[in-house]
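Here the structure is laid out as structure tokens; the discussion comes afterwards.
The values are calculated or read from the model by the stated rules, or taken from the named source; none is laboratory data. Predicted, not measured: the structure shown is a model, and the values here were computed from it. A quick note on method: Cβ atoms are made from the backbone with ideal geometry, for glycine too, and the neighbour counts reach across all protein chains shown. SASA here: full protein model, heavy atoms, side chains in, ligands and nucleic acids out. Shrake-Rupley method; radii C 1.70, N 1.55, O 1.52, S 1.80 Å.
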Amino acid sequence: MRIGYPCLNRSIGCSPSRTFRLASYSAARLAETVAANLDCLERILEFNRANGLLFFRVTSDLVPFASHPVCRFPWQEKFAPRFAALGRFICRHGMRISMHPDQFTLINSPDEAIFRRSAAELEYHAAVLDLLGLDATARIQVHAGGAYGDKPAASARFCSRFALLGGAVRRRLTVENDDRLFTVADCLEISRRTGVPVLFDSFHHRLNSRGEGEAEALAMAAATWTRRLGPPMADYSSQKKGARPGSHAESIDLRHFARFVASAGNIDCDVMLEIKDKEKSALRARSYLARSGWL
């Protein structure tokens, strides 16, 4: 069970998500920003290796405006050696990488223009993982999207649009249950029709399910993963006290986390902690697993 956290490390004093306004775009500005973001990503990976945190979600903002028409700078060619070096570090230390485009990436939108922009954004994410030289265990996770007044039709549209995506995207795409619309069972139907694995989000499942227990839902999602795709991925968080339902906790509740781990049983999954204090909670979770004999 590899433990990870998403995008940012709050301990090392840099951000891999530096960006700038579109009005300020220039090739020089982009190159400078990407170089700085890659520098920070390298520092995060080194921190993670030193602390046994072997799962990490790379920020979508690593290359600002990468999927925007304004971006004509050959960033893939320019930074290919740098990406390759980072990828070798990742592979050498047995790390796993994922990415998660933002909520505006909607494969099943009825609006063709939104789908085209979403497809371009997914191509960018696939390019990052390909430049890192990572195999199919490095995944791009997305939500199924909106229901648009007809969830069965929206689900069918996701499946038909999947066939229109580039091969680099299709081989990495993973669908995740959400907290309002698409349950694990809904995602399993998409998986049956497309072959994409289902990433189990425990927090979303507690808010939106068809009544399956956590252990049952996790097992169903895990069954969609093959050896080639690596161990199943799962997202974990808990409710922030006093906040609206669905707000992620500021720090890990180890008793709550222990119940999640127990529900996993003998399922060997990699767990992404979607908790606000990032690496701090990841370190506490890993320490708990070590003490409990899971690592």
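What to note about this one:
- For segment 277-295, a residue qualifies if it is over 17 Å from residue 54 (Cβ atoms) and either of a type in the set (Phe, Trp, Tyr) or not in a helix (DSSP H, G or I) (or both), and the qualifying residues are 277, 292, 293.
- Filter result for the condition that a residue is open to solvent by 10 Å² or more (accessible area, probe 1.4 Å), in contact with a Pro (Cβ under 9 Å, 6 or more places away or on another chain) and of a type in the set (Lys, Arg), over 57, 49: 57
- When segment 1-33 is filtered for residues that are open to solvent by less than 10 Å² (accessible area, probe 1.4 Å), in contact with a Phe, Trp or Tyr (Cβ under 6 Å, 6 or more places away or on another chain) and either farther than 17 Å from residue 99 by Cα or part of a helix (DSSP H, G or I) (or both), only 30 remains.
- Filtered residue count, segment 89-110, keeping only those that are closer than 10 Å to residue 143 by Cβ and among the hydroxyl-bearing types (Ser, Thr, Tyr): 1
- Tally, over segment 31-77, of residues that are under 25 Å from residue 142 (Cβ atoms) and touching a residue at least 40 places away in the same chain (Cβ under 8 Å): 25
- Number of positions in segment 130-149 that are small (Gly, Ala, Ser) and in contact with a strand residue (DSSP E or B) (Cβ under 7 Å, 6 or more places away or on another chain): 2
- Within segment 120-138, considering residues that are in a loop (DSSP other than H, G, I, E, B) and of a type outside the set (Asp, Glu), the one surrounded by the fewest Cβ atoms within 10 Å (Cβ to Cβ): 136
Residues checked against (1) within 18 Å of residue 155 (Cα to Cα); (2) open to solvent by less than 40 Å² (accessible area, probe 1.4 Å); (3) touching a strand residue (DSSP E or B) at 6+ places or on another chain (Cβ under 8 Å); (4) among the aromatic types (Phe, Trp, Tyr):
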{"position": "182", "(1), (2), (3), (4)": "yes, yes, yes, yes"}
{"position": "196", "(1), (2), (3), (4)": "yes, yes, yes, no"}
{"position": "202", "(1), (2), (3), (4)": "no, yes, yes, no"}
{"position": "211", "(1), (2), (3), (4)": "no, no, no, no"}
{"position": "216", "(1), (2), (3), (4)": "no, no, no, no"}
{"position": "226", "(1), (2), (3), (4)": "no, no, no, no"}
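- Single unsatisfied condition, residue 172 versus (1) surrounded by 21 or more Cβ atoms within 10 Å (Cβ to Cβ); (2) within 18 Å of residue 3 (Cβ to Cβ): (2)
- Filtered residue count, segment 71-119, keeping only those that are open to solvent by 50 Å² or more (accessible area, probe 1.4 Å), hydrophobic (A, V, I, L, M, F, W, C) and at pLDDT 95 or above: 1
- Positions within segment 44-66 being farther than 19 Å from residue 287 by Cβ and over 17 Å from the mean Cα position of the chain (by Cα), in sequence order: 46, 64, 65, 66
- Of everything listed in (1) surrounded by fewer than 21 Cβ atoms within 10 Å (Cβ to Cβ); (2) touching a residue at least 40 places away in the same chain (Cβ under 8 Å); (3) charged (D, E, K, R); (4) out of contact with any Phe, Trp or Tyr (no Cβ under 7 Å at 6 or more places or on another chain), the single unmet condition for residue 270 is (4).
- Filtered residue count, segment 26-68, keeping only those that are acidic (Asp, Glu) and within 17 Å of residue 126 (Cβ to Cβ): 1
- Check on residue 40, modelled with pLDDT of 95 or more, in contact with a Cys (Cβ under 9 Å, 6 or more places away or on another chain), closer than 30 Å to residue 231 by Cβ and not in a helix (DSSP H, G or I): no
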